[in-house]
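Engineer: Take a look at the following structure, please.
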């Protein structure tokens, strides 16, 4: 008898094993009708375009035109009856919004490309090659400055292209297929927004151009996402082909103009390692007895030492220098000693809560970095507020440019002072040590800038965003890779940088 | 009454994961007899497989995982035994600036039962569960002391007695591992960015072949073992490992136990020959065993 019990137990246990699937699922976001369709967005001030009609598109044919009726017929009688479940899922995915999804895609690419090159056999670190992006090391190394810039251009291109799209939408005022022909049953909630050109196609094409420039090894992946993004609108019965084609044309034209600006912003010269010897000389002349040195083995050249020279968005060079944080405490001072002692205490007695905060905000290799983290919070807040596509892009453009300005301002500061890391004083880290000078903290600068912009857009969430920024800043002390002063001054600096973006937003005609 | 000692050892095979091994032999504690063991383990590696690329890392040097475990095996009946183990684990890197971690890891409980006897062939089955004893950090790999998953494992053991006290034995087990909540709120799983802190740790299986000599409480054996995850991703180029990784290891080793009376000692060594997403570790465990009667 007993042995049958054992057989039974064995059987039970294997059934349990077979039935046990462990997957981490994510919530599918439900599409919404925007709280406000922003009819006047065509007159909002753009970042790069000199006027919303700088890129022209052809006038659409009318809704009585046979060509148009043929497109409507195709939606009704060819597309809709033959929809597969897979196509419906793609529609549901893109129903969250093209700006939202392309931002998410950009964050995913950022995470995938966020790996520092490995040292070769000679102990040197090869520089990623944009013309051979999939070789080892892959191009780009999507570090925080790189990601801040990629997301800034992405959001700016989306915003400018959408402002232009809105201008044309209301200029031509061609209604959406579901409003023209009631026999069409769109799969997504519909507003009264005119549908020519398709905002999703505009965003998709503009995003494709920018992201392909930023992640040149991802052509096939980006192409497949672009096709999905465009087709989803046809499958959903939201646009006809000519809406899509006009959107593609407009998105491509605007993105090309944004790329002209991107190519001239100085990023190509942001990794000038030859500049570091003068930086070190300056640091010593400022009184630093110990300057930053790479703690990696073999020593790695510092990350983008001349990223501080890249062109900013929301203030000029003179302002950048004027708002540069003052010189930090130098070894030997009582204040330096106090900051050191705080770290020694964490080193000895790091609490689980401190470790958790350090891990939560670490945003290190293999992640979308702090600018990505803030874009995620921005995109989610815009989604919750049921932002229209153009308002979503606008918010992310101010956030994105503030993040990139924060990166530039912080990198300028880091290499201006070239100050040492706590690990040069024997401290360990629980999150991994970034390979560039200490003062100021990039996380603090990015986070305060992000919180400042998002608080302006979502005032009811200001205390949450500000507490996030404070926590992200503290996390670098808890992870033992920054002195307290790096963090407090970074926060202050980031807040100032964010205010320039907020000021610009207040003057763009959208409020 | 003959007191047979049930011996347990732990093998620290993976980069951080401490894997408790059930006894693989045909001996059971008699009813109400218990065996307590205190074991010290040291596992270390200098080389590891980043995906399938074997490399070292001067920013880690030698990574050592030390553990001290307390274990009790108890005879519920002559054919059903229960075992409990509690390990304290400490990690340390010899170079670089990564902070060492330490703490109580996962408490494990197993039930082992004899399923059949056919001449010299014996079949056994064990069921095990484990759960973290503390909220230790899991994502700071390879310094983390464990993977933080609750596990459920089932193992089948076939044991064949040869003449002159020799034996051969084969073991297969499947380990179901729960999702783990990490401190961060996003992570990469393969090429996909997951916007959540909930990590699906891949399940795993383990197979082992053993042969040796066993007489009363004394034992000497050699073994080969293969551990592999069911799915999972690979360590990205020049990156640190993560909980989603598909760890694979093939190891060989030897085990010996000597227990003239109620006090005894055991020792185990093993070495990872090949692997993927894992350290090429050398593992040594020594144990002090004590047999006593309950009630």
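Engineer: How many residues does the stretch B:177-203 hold that are more than 8 Å from chain A (Cβ to nearest Cβ) and either more than 14 Å from residue B:233 (Cβ to Cβ) or in contact with a helix residue (DSSP H, G or I) (Cβ under 9 Å, 6 or more places away or on another chain) (or both)?
Structural biologist: So the count comes out to 3.
Engineer: If only one of A:98, A:92, A:59 is out of contact with any strand residue (DSSP E or B) (no Cβ under 8 Å at 6 or more places or on another chain), within 26 Å of residue A:150 (Cβ to Cβ) and outside the structural domain of residue A:398 (by TED's automatic domain parsing), which one is it?
Structural biologist: Going through A:98, A:92, A:59 in turn, the sole match is A:98.
Residue-wise test of (1) surrounded by fewer than 18 Cβ atoms within 10 Å (Cβ to Cβ); (2) touching a strand residue (DSSP E or B) at 6+ places or on another chain (Cβ under 8 Å).
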| position | (1), (2) |
| --- | --- |
| B:163 | yes, no |
| B:180 | no, yes |
| B:192 | yes, no |
| B:229 | no, yes |
| B:232 | no, yes |
| B:238 | no, yes |
| B:247 | no, yes |
| B:267 | yes, yes |
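Engineer: Do we have any residue at all in the stretch B:125-141 that's in a strand (DSSP E or B), free of Cβ contacts under 8 Å to residues at least 24 places away in the same chain, more than 9 Å from chain A (Cβ to nearest Cβ) and at negative phi?
Structural biologist: No; the residues of the stretch B:125-141 include none that is in a strand (DSSP E or B), free of Cβ contacts under 8 Å to residues at least 24 places away in the same chain, more than 9 Å from chain A (Cβ to nearest Cβ) and at negative phi.
Engineer: Suppose we filter A:91, A:99 for residues that are under 23 Å from residue B:194 (Cβ atoms), more than 10 Å from chain B (Cβ to nearest Cβ), in contact with a helix residue (DSSP H, G or I) (Cβ under 7 Å, 6 or more places away or on another chain) and crowded, with 24+ Cβ neighbours inside 10 Å; which single one remains?
Structural biologist: A:99
Engineer: All but one of (1) part of a loop (DSSP other than H, G, I, E, B); (2) exposed (fewer than 13 other Cβ atoms within 10 Å of the Cβ); (3) under 32 Å from the mean Cα position of the chain (by Cα) hold for residue A:117, so report the exception by its number.
Structural biologist: (2)
Engineer: Continuing with the same structure: Which one of these does residue B:225 not meet: (1) surrounded by 15 or more Cβ atoms within 10 Å (Cβ to Cβ); (2) without any contact (Cβ under 8 Å) to a residue 40 or more places away in the chain; (3) away from chain A (no Cβ under 14 Å)?
Structural biologist: (2) is the only condition that residue B:225 fails.
Engineer: Report whether or not residue A:104 is touching a helix residue (DSSP H, G or I) at 6+ places or on another chain (Cβ under 8 Å), farther than 22 Å from residue A:197 by Cβ and assigned to a helix (DSSP H, G or I).
Structural biologist: yes
Engineer: Follow-up. Assess whether residue B:158 counts as being surrounded by fewer than 20 Cβ atoms within 10 Å (Cβ to Cβ), in a strand (DSSP E or B) and either in contact (Cβ under 8 Å) with a residue 24 or more places away in the chain or within 11 Å of chain A (Cβ to nearest Cβ) (or both).
Structural biologist: Criteria met by residue B:158.
Engineer: OK, next. Let me confirm something: among A:469, A:510, which residue is over 19 Å from residue A:319 (Cα atoms) and over 19 Å from the mean Cα position of the chain (by Cα)?
Structural biologist: A:510
Engineer: Given the conditions (1) under 28 Å from residue B:33 (Cβ atoms); (2) touching a strand residue (DSSP E or B) at 6+ places or on another chain (Cβ under 9 Å), which single one is not true for residue B:282?
Structural biologist: (1)
Engineer: Looking at the stretch A:275-302, which of its residues are over 17 Å from residue A:116 (Cβ atoms) and free of Cβ contacts under 8 Å to residues at least 24 places away in the same chain?
Structural biologist: Correct list: A:277, A:278, A:281, A:284, A:285.
Engineer: Go through the stretch A:346-358 and count every residue that is out of contact with any helix residue (DSSP H, G or I) (no Cβ under 8 Å at 6 or more places or on another chain) and either more than 8 Å from chain B (Cβ to nearest Cβ) or buried (at least 20 other Cβ atoms within 10 Å of the Cβ) (or both).
Structural biologist: 4
Condition check ((1) within 28 Å of the chain's Cα centre (by Cα); (2) in a helix (DSSP H, G or I); (3) modelled with pLDDT of 95 or more) across all residues:
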residue	(1), (2), (3)
A:195	yes, no, yes
A:200	yes, yes, yes
A:203	yes, yes, yes
A:227	yes, yes, yes
A:288	no, no, yes
A:292	no, no, yes
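Engineer: Here's another thing I want to ask about it. Conditions first: (1) without any contact (Cβ under 8 Å) to a residue 40 or more places away in the chain; (2) surrounded by 24 or more Cβ atoms within 10 Å (Cβ to Cβ). Residue A:511 passes all but one, so which condition is the exception?
Structural biologist: So residue A:511 meets the others, but not (2).
Engineer: Pick from the stretch A:367-392 the residues that are buried (at least 22 other Cβ atoms within 10 Å of the Cβ) and either over 23 Å from residue B:186 (Cα atoms) or touching a strand residue (DSSP E or B) at 6+ places or on another chain (Cβ under 6 Å) (or both): which of them is nearest to the other protein chains (Cβ to nearest Cβ)?
Structural biologist: Among residues in the stretch A:367-392 that are buried (at least 22 other Cβ atoms within 10 Å of the Cβ) and either over 23 Å from residue B:186 (Cα atoms) or touching a strand residue (DSSP E or B) at 6+ places or on another chain (Cβ under 6 Å) (or both), the one nearest to the other protein chains (Cβ to nearest Cβ) is A:387.
Engineer: If you don't mind, another one. Taking the stretch A:59-74 as the region of interest, how many residues are within 19 Å of residue A:169 (Cβ to Cβ) and in a helix (DSSP H, G or I)?
Structural biologist: 3
Engineer: Being out of contact with any helix residue (DSSP H, G or I) (no Cβ under 9 Å at 6 or more places or on another chain) and either crowded, with 24+ Cβ neighbours inside 10 Å or not assigned by TED's automatic domain parsing to the domain that holds residue A:405 (or both) is true for just one of A:140, A:220, A:197, A:145. Which residue is that?
Structural biologist: Unique residue meeting the criteria: A:220.
Engineer: Looking at residue A:342, is it touching a residue at least 24 places away in the same chain (Cβ under 8 Å), touching a helix residue (DSSP H, G or I) at 6+ places or on another chain (Cβ under 7 Å), over 27 Å from residue A:117 (Cβ atoms) and surrounded by fewer than 16 Cβ atoms within 10 Å (Cβ to Cβ)?
Structural biologist: yes
Engineer: Being within 23 Å of residue B:187 (Cα to Cα) and either more than 34 Å from the chain's Cα centre (by Cα) or touching a residue at least 60 places away in the same chain (Cβ under 8 Å) (or both) narrows it down to one of A:61, A:79, A:55, A:99, so name that one.
Structural biologist: Result: A:99 is the single residue among A:61, A:79, A:55, A:99 that is within 23 Å of residue B:187 (Cα to Cα) and either more than 34 Å from the chain's Cα centre (by Cα) or touching a residue at least 60 places away in the same chain (Cβ under 8 Å) (or both).
Engineer: Being buried (at least 22 other Cβ atoms within 10 Å of the Cβ), at pLDDT 95 or above and more than 20 Å from the chain's Cα centre (by Cα), is that true of even one residue in the stretch B:140-155?
Structural biologist: Within the stretch B:140-155 (the criterion being buried (at least 22 other Cβ atoms within 10 Å of the Cβ), at pLDDT 95 or above and more than 20 Å from the chain's Cα centre (by Cα)), the answer is yes, since at least one residue qualifies.
Engineer: May I ask you to list the residues in the stretch B:101-117 that are in a strand (DSSP E or B) and away from chain A (no Cβ under 12 Å)?
Structural biologist: Those that are in a strand (DSSP E or B) and away from chain A (no Cβ under 12 Å): B:104, B:106, B:107, B:108, B:109, B:110.
The values are calculated or read from the model by the stated rules, or taken from the named source; none is laboratory data. It should be emphasised that the depicted structure is a prediction, and the values quoted were computed from it without experimental measurement. A quick note on method: Cβ atoms are made from the backbone with ideal geometry, for glycine too, and the neighbour counts reach across all protein chains shown.
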